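Working notes, beginning with the structure itself.
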Amino acid sequence: MKSITRLFDLLELYKDEYKSKPDAFVCKERGVWKKYSSSDYLSYSRLISMGLLSMGIKRGDRIGTIMVNCPEWNFFDIGILQIGAVQVPIYPTISEESYRYILNDAQVEMIIISNTDIYRRIRNVCGDISSLKTIISIDHIRGVKHWTEIVELGKKYQHPEKLELIREDIDTDNLATIIYTSGTTGQPKGVMLSHNNFITNFKECAKIPDFTPNDRALSFLPLCHVYERMLNYLYQYCGMSVFYAESLDKLGDNMREIRPTTFAAVPRILEKIYDKIVSRSRTRTGPEKVIFFWALRQGHKYELNHTKGFYYELKLWIANRLVFRKWRRALGNRIKLIVCGGASLHPRLTRLFWAAGIPVMEGYGLTETSPVIATNNFEKGGVRFGTVGPVLPGIEVQIAADGEILCKGPNVMLGYYNRPEQTSEAIDPEGWFHTGDIGVLEDGKYLKITDRKKEIFKTSTGRYVAPQVIEQKFQESPFIEHIMIIGENRKYTAALIVPDFEYLKNWCAIKQVPYITRDKAVHNQRIIRRIKEEVKRFNIDLGQTEKIKKFRLVADEWKMETGELTPTLKLRRKFLLEKYYQVIEQTYRSSEFNYKVEID
């Protein structure tokens, strides 16, 4: 395989090794899957590069991309990179205030957007961006340049040799992109990543699966996030076909249509898949229901390497024949591997998917580390449930005295854009990046994340509480969609709970409990009592300080678009604490509306 030292060197693979590939990138247009070949990739990327040069874009200029996942994302990504410009990918669903902040901070000169919805989101902001010169759209929008206009400019470009000279002058350690962090605790910071940061990461990760050019990846997590973007490069490195899902709502349909061999997910998506399967099965009756939940119990006991003996393996074989093979069929029946990151997946679910013949590989990393630091893998001893696996080769990890995970290696960012002081705080003089996560190395090999350093709080009694660990346990309940543990500087731990209203509707129908609206449901006493039972059930396994003594049900939907969640579906605690300040104060001051939980 040819040497890859700059991200646009991936084109050389499509020129030589994958040149006859008819479906390099595929998306759905008007109900039909449209294929773009390796030849299309080479042609469009080159024409876009020359089109940008003819528009006056030069090395070092920042170009913002606010796009949904689509083949054109790749054409512009490589087209930007091979002229030495810097791509600034931005989420399509953030607030106007966030757009204004990021676009001004990065001083973007051009914005590439996907569609009318995104244009409506940014058009009021554009007048406030002094550096902005033009907007380009993938879809046709009146008054906005269409992306094919850049392609046409590229066809007329008179100095193609200039592109070759620029390409030759770009080094592996040059800045490739600025990715703004999701900002769980404040304004986002622009993480500067080089070509080498990405390349060293996807090359090591590509050694884990046995992917070939015959494999298919389904992409639905945002390409503007470092996690999906690195994997997008990995898929290209392996010559795979990349299919872009229509939407999360159509994910199941798309899986059955294209039958992918892999996809990347965050834990909440896998939890939703599991909850949906279980919810449907609860409405069944007779032997079918009994067999389903018997199979689940077998799956929850799963261990690697057939260590549970012949009798268990026989029961697992029966469970697969009767139940789990239907799960595989629902995912297209060709899954080799699901990549899971962004947060912790409960070990119970990891065991269950493995038992069902669907390997889930959890990994760990940050935007600042391009992103993977550690991941489970298919090597002997490469998987341990409840951990994010061994550290990637070429990367060093050590645990600081306070438990913080420190990382050093070629994957660590160049720094934060325009923030030398914050860069110095994050990367110490010895080159160790301070992740802000707390963890341990089990048996000196398997990295386990236990919490976020900045999210651990202390009650007024002086006891520390790690909220993420507790929240993860409670989200095993089918009744709970989201939960945020509170209690900093308070006498005891409490919680805000958003019920899973879809599950709640089904439960209400079975139990003949009136369900009218979300607002009425969170004040319904039977529903409150049922969720109190869930809280008591999970409290049993918690320490005295960790037990939830009061909770409040919240009717609001927590979404990325409204600010409660980051794009990787983590809680934005600072935002939530401000939004629910009065509710939290009521919870601790008054008995009205509060649901006290008896502690045994």
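Just a few scattered comments:
- Over the range 1-134, accessible surface divided per residue gives 37 Å², non-protein components excluded, 1.4 Å probe.
- Within the accessible area of the range 44-201 (1.4 Å probe), percent carbon and sulfur: 46 percent
- Out-of-range pairs (alpha-carbon distance over 28 Å; input LYS550/LYS579; LYS336/LYS380; LYS272/LYS445; LYS380/LYS448; LYS133/LYS250): LYS272/LYS445; LYS133/LYS250
- The range 387-455 - accessible surface per residue (Å², probe 1.4 Å): 48 Å²
- Vicinal HN-Hα couplings computed from phi for the range 326-335 (Karplus, 6.51 cos²θ - 1.76 cosθ + 1.60; Hz; Gly/Pro x): 5, 5, 4, 5, 5, 9, x, 6, 10, 5
- Expressed as a whole percent, the accessible surface of the range 489-554 that belongs to carbon and sulfur atoms is 47, based on a 1.4 Å probe.
- Ellipticity at 222 nm from helices only: DSSP H runs of n ≥ 4 in the chain, each -39500 (n - 2.57), divided by the residue count, give -11000 deg cm²/dmol.
- Take the Cβ atoms of THR307 and SER130, set R0 to 60 Å, and the FRET efficiency comes out at 0.40.
- Stretching the chain fully between GLU430 and ASP171 yields a gain of 90.8 nm (0.36 nm per residue, less the alpha carbon separation).
- For the range 391-407, Karplus couplings with θ = phi - 60° (6.51, -1.76, 1.60), whole Hz, Gly/Pro x: 5, 4, x, x, 10, 9, 9, 9, 9, 6, 4, 8, x, 6, 7, 10, 9
- Normalised alpha carbon radius of gyration of the range 121-259 [divisor 2.2 N^0.38 Å]: 1.31
- Scaled against 2.2 N^0.38 Å for its residue count N, the alpha carbon radius of gyration of the range 438-494 is 1.31.
- Inverse mean reciprocal Cα-Cα distance (Kirkwood Rh) of the chain, Å: 25.7 Å
- For the range 1-110, applying the loop criterion from DSSP together with a ceiling of 10 other beta carbons within 10 Å to the GluC sites (Glu not before Pro) yields no site.
- When the GluC sites (Glu not before Pro) in the range 493-573 are filtered for DSSP coil states and for at most 15 other beta-carbon atoms within 10 Å of their beta-carbon, the remaining sites are GLU557, GLU561.
- Debye intensity ratio in log₁₀ form over the Cα atoms of the range 475-545, taken at each q of 0.19 Å⁻¹: -0.81
- Low-density loop cleavage sites - GluC sites (Glu not before Pro) in the range 399-463, where at most 15 other Cβ are within 10 Å (DSSP): GLU430
- Net charge dipole, the range 446-560: roughly 480 debye, given to the nearest 20, about the Cα centre with Cβ charges of +1 for Lys and Arg and -1 for Asp and Glu.
- When both bridge partners sit in the chain, DSSP labels roughly 55% of those beta bridges antiparallel.
- Within the assembled protein chains, the solvent-accessible surface assigned to MET192 is about 40 Å², based on a 1.4 Å probe.
The values are calculated or read from the model by the stated rules, or taken from the named source; none is laboratory data. Just so you know, these numbers come straight off a predicted model, no measurement behind them. All Cβ positions, glycine included, derive from the backbone under ideal geometry; neighbour counts span all protein chains shown. Heads up: the accessible areas ignore ligands, DNA and RNA and are worked out on the full protein's heavy atoms, side chains in. Shrake-Rupley method; radii C 1.70, N 1.55, O 1.52, S 1.80 Å.
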